[in-house]
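The values are calculated or read from the model by the stated rules, or taken from the named source; none is laboratory data. All figures in this text were calculated on a predicted structure; none of them were measured in a lab. Using ideal geometry, Cβ is built from the backbone for each residue, glycine included, and neighbour counts are taken over all protein chains shown. SASA here: full protein model, heavy atoms, side chains in, ligands and nucleic acids out. Shrake-Rupley method; radii C 1.70, N 1.55, O 1.52, S 1.80 Å.
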Amino acid sequence: MAGLTLYDKLWRNHLVEQREDGSALIYIDRHLIHEVTSPQAFEGLRLAGRKPWRLDANLAVPDHNVPTSRDERAGGVAGIRDQVSRLQVQTLDDNCRDFEIEEIPINDVRQGIVHVVGPEQGATLPGMTVVCGDSHTSTHGALGALAHGIGTSEVEHVLATQCLIQQKMKNMLVRVDGCLQPGVTAKDVALAVIGHIGTAGGTGYAIEFAGEVVRSLTMEGRMTLCNMSIEAGARMGMIAVDQTTLDYVKGRTYAPSGALWDAAQAAWADLHSDADAVFDKVVTLRGEDILPQVTWGNSPEMVLPVNGYVPDPQAMENATQRSAAQRAIEYMGLTPGMAITDIRLDRVFIGSCTNSRIEDLRAAAAVVRGRHVAPTLKQALVVPGSGQVKAQAEAEGLHEIFLAAGMEWREPGCSMCLAMNADKLGAGEHCASTSNRNFEGRQGIGGRTHLVSPAMAAAAAIAGHFVDIRNLQEPTQ
Amino acid sequence: MKSFTVLEGLVAPMDRANVDTDMIIPKQFLKSIKRSGFGPNLFDEMRYLDEGQPGQDCSGRPLNPEFPLNQPRYRGATVLLARENFGCGSSREHAPWALEDYGFRCIIAPSFADIFYNNCFKNGILPVVLPATTVDKLFTALYAEEGYRLAIDLEAQEVRTPDGEVLRFEVDVARKHCLLKGLDDIGVTLESAAAIRQFEDRWREQSPWLFNMIGRGQV
């Protein structure tokens, strides 16, 4: 019999009941909660007179709606100016209090984007099943966990039963061999994979990322990669546990210590695919072939290397692709054949659950140091992923580098990734963004998003247009 | 949840690939703490010419005449014909809530994003996957004939066209069963409460570090 994949093992370990109709009851170890997708679930519990199955499996934190400007944040929940947002954050506080669920409140130093906070606090551990009412829950797979987004009905289901009714996915291996060129990051790998397999390429699959490039990524980089599995259509992406994982987890607030750590570590040694495991689909890329990536359209698969040119829809054979490309080019205000490096930018956003961790901020600061943002730029926002990331960045003096360069240094939250708070693009504005989705209107109605790595976003902020990070010279002091 | 057995209804087109959840229901409407009332904001950015705000009365807003759902011939549609990868993007259940609130009970497409597909079944909406070539033909027939209707029979797993063609579709047994009966998933799962407790006890013994680390039970 063939060996098991990492996904097979995680599935097997959490299987409560296999049903004859092909569905299965899967046990959930960790449920992360935020303010947008939970109010209706708590209301459902109330209406049915149900209580959470297990309190200690849950951790809540507000992130999507929270303002990121210092003055608006100073007033806490009551200080949120948008009254609809304020009510939603207040409702999370109220529900957590009523149902006795642990919540990290708005101005706690641990507050931040739920997918930054979970691993940072050790609330996400290897071998867990992790769910959250947010599609970027795939992020947590970086720790060797089975992690995916769920809808609000399932949020209620997990709260009430500690389980989910699931159908097993197929296995896909994405192997990135070799090594990356200097200046090329996990974000570029993620975008290159999506460009290669398409935004529906992973539909129906659980992706495992492997290969030398993945092994050599830091945990922050691995989280960036798994985060964007959903943009490749896969609900979950995961990476085998190794020393990098263990070093990251050890000592975190909710992580085990002492004898419990030793036992956990021993159990986690099995969290990798067996050598003879069989995958339903295998995709391989060479790290050396991956250049810094920039998206030009309104789907993450509409991506090119920075030295590329906006494609000509007329040259596309597939009618659906052709009309999608035509529409995207019009929406984005580009012309076929235009060099990616000729795209002029209005704003730059460095943040989101994809790229707001300390390593991302260090990479951006390294580019910005001693330079100033282009005078044509309206705004360059740097939004740390959590209060702890912010504190760490400030301890390293990164905020001073950003501020000296003319960038804004904000309070933690989802911010301009989806523009549910006050941080948004105006119509027609081009933005170099380290977030995950370039959909029409995502960052503001009529806004034009280009997805890039933090270093590429920083370089674009300085130049006012995209530049190849590999060609960037050290600033003359 | 509303059950779904047989639906016979008017069909409307959403003729583009990769319709994402931001298009289906833009983020400003996600601030609602309610489950209902999203229908008037379905496809808000494509449907109206102005920028929609949560809580706003949509009846006086300027409509985009180009958008199919604003055309009289598609008024009252309950079936949405769509393209590849419909519902990609976020996990927001507000997307099926908005579709259902508008009146759609069935979406036909060559493929769906996983989370959206799953969310539909929780809200009485049947997502039907048909081959891309078949969907192409349906689009042609739909555009050619005003008042084009389809019958969707979940029990038989069939879509029936006006000219008598029968198109079979696949749907997994568990989801089909729940949708046919309009069952509450939680109620069904709680029938397995003993099995869950048993698993949990064994799992706690095997992996104690996964328990009592957060909240009042903190060790």
Exercise. Conditions: (1) outside any loop (DSSP other than H, G, I, E, B); (2) open to solvent by 30 Å² or more (accessible area, probe 1.4 Å). A:E317 meets all but one. Number of the miss?
Worked result: (1)
Seminar exercise, completed: Here the residues within segment A:128-155 that are of a type in the set (S, T, N, Q), within 14 Å of the chain's Cα centre (by Cα) and within 11 Å of another protein chain (Cβ to nearest Cβ) are A:S135, A:T137, A:S138
Exercise. Residues of segment B:194-209 being part of a helix (DSSP H, G or I), out of contact with any Phe, Trp or Tyr (no Cβ under 7 Å at 6 or more places or on another chain) and either open to solvent by 30 Å² or more (accessible area, probe 1.4 Å) or more than 17 Å from A:T161 (Cα to Cα) (or both), which ones?
Worked result: B:A194, B:R197, B:Q198, B:D201, B:R202, B:E205, B:Q206, B:P208, B:W209
For this session: Output the qualifying pairs, or none if there are none: Cβ atoms under 6 angstrom, residues six or more apart or on different chains, first residue in segment A:420-445 and within 16 Å of A:I343 (Cβ to Cβ) and among the charged types (D, E, K, R), second residue open to solvent by 10 Å² or more (accessible area, probe 1.4 Å) and outside any loop (DSSP other than H, G, I, E, B).
Result: A:E429/A:R347
For this session: Give the residue, chosen from A:H157, A:H136, A:H148, that is without any contact (Cβ under 8 Å) to a residue 12 or more places away in the chain, closer than 25 Å to B:C120 by Cα, buried (at least 24 other Cβ atoms within 10 Å of the Cβ) and not basic (K, R).
Result: A:H157
Problem set entry | Members of segment A:88-117 that are acidic (D, E) and within 18 Å of A:G44 (Cα to Cα) | A:D93, A:D94, A:D98, A:E100
For this session: Determine which single condition A:D29 fails, assuming it passes every other condition in (1) acidic (D, E); (2) more than 8 Å from chain B (Cβ to nearest Cβ); (3) open to solvent by less than 50 Å² (accessible area, probe 1.4 Å).
Result: (2)
Exercise. Could you count how many residues in segment A:231-264 are buried (at least 21 other Cβ atoms within 10 Å of the Cβ), in a helix (DSSP H, G or I) and within 8 Å of chain B (Cβ to nearest Cβ)?
Worked result: 1
Problem set entry | Index of the failed condition, A:R54 passing every other in (1) closer than 26 Å to B:Q53 by Cβ; (2) facing another protein chain (nearest Cβ under 10 Å) | (1)
Exercise. Do we have any residue at all in segment B:45-56 that's under 25 Å from A:E154 (Cβ atoms), modelled with pLDDT of 95 or more and in a helix (DSSP H, G or I)?
Worked result: no
Exercise. In the list B:D44, B:D20, which residue meets the criterion of being in contact with a strand residue (DSSP E or B) (Cβ under 6 Å, 6 or more places away or on another chain), within 11 Å of chain A (Cβ to nearest Cβ), crowded, with 18+ Cβ neighbours inside 10 Å and over 24 Å from B:E145 (Cα atoms)?
Worked result: B:D20
For this session: May I ask you to list the residues in segment A:292-328 that are touching a residue at least 12 places away in the same chain (Cβ under 8 Å) and under 14 Å from B:R16 (Cβ atoms)?
Result: A:G297, A:N298, A:S299, A:M302, A:P313, A:A324, A:A325, A:Q326, A:R327, A:A328
Exercise. When both residues are 6+ apart or on different chains and their Cβ atoms are under 7 Å apart, which pairs have a first residue that lies in segment A:77-98 and is facing chain B (nearest Cβ under 9 Å) and farther than 11 Å from A:P62 by Cα, and a second that is buried (at least 18 other Cβ atoms within 10 Å of the Cβ) and aliphatic (A, V, I, L, M)?
Worked result: A:L87/B:I33
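Yes/no matrix, rows are residues, columns are (1) touching a Phe, Trp or Tyr at 6+ places or on another chain (Cβ under 8 Å); (2) crowded, with 20+ Cβ neighbours inside 10 Å; (3) not polar (S, T, N, Q):
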| site | (1), (2), (3) |
| --- | --- |
| B:N119 | no, yes, no |
| B:G124 | yes, no, yes |
| B:L130 | yes, yes, yes |
| B:L138 | no, yes, yes |
| B:I152 | no, yes, yes |
| B:V171 | no, no, yes |
| B:F211 | no, no, yes |
| B:G215 | no, no, yes |
Exercise. Does segment A:70-89 include one or more residues that are open to solvent by 10 Å² or more (accessible area, probe 1.4 Å), out of contact with any Ser or Thr (no Cβ under 8 Å at 6 or more places or on another chain) and among the hydroxyl-bearing types (S, T, Y)?
Worked result: no
For this session: State all residues of segment A:54-69 that are open to solvent by 10 Å² or more (accessible area, probe 1.4 Å) and polar (S, T, N, Q); if no residue qualifies, say none.
Result: A:S69
Seminar exercise, completed: Of the residues in segment A:272-301, those that are among the polar types (S, T, N, Q) and either in contact with a helix residue (DSSP H, G or I) (Cβ under 6 Å, 6 or more places away or on another chain) or surrounded by fewer than 24 Cβ atoms within 10 Å (Cβ to Cβ) (or both) number 4
Exercise. Restricting to segment B:176-219, what's the tally of residues that are under 30 Å from B:A132 (Cβ atoms) and within 8 Å of chain A (Cβ to nearest Cβ)?
Worked result: 1
Problem set entry | Of all residues in segment A:320-350 being in a loop (DSSP other than H, G, I, E, B) and in contact with a Pro (Cβ under 9 Å, 6 or more places away or on another chain), the one that is most open to solvent (accessible area, probe 1.4 Å) | A:P336
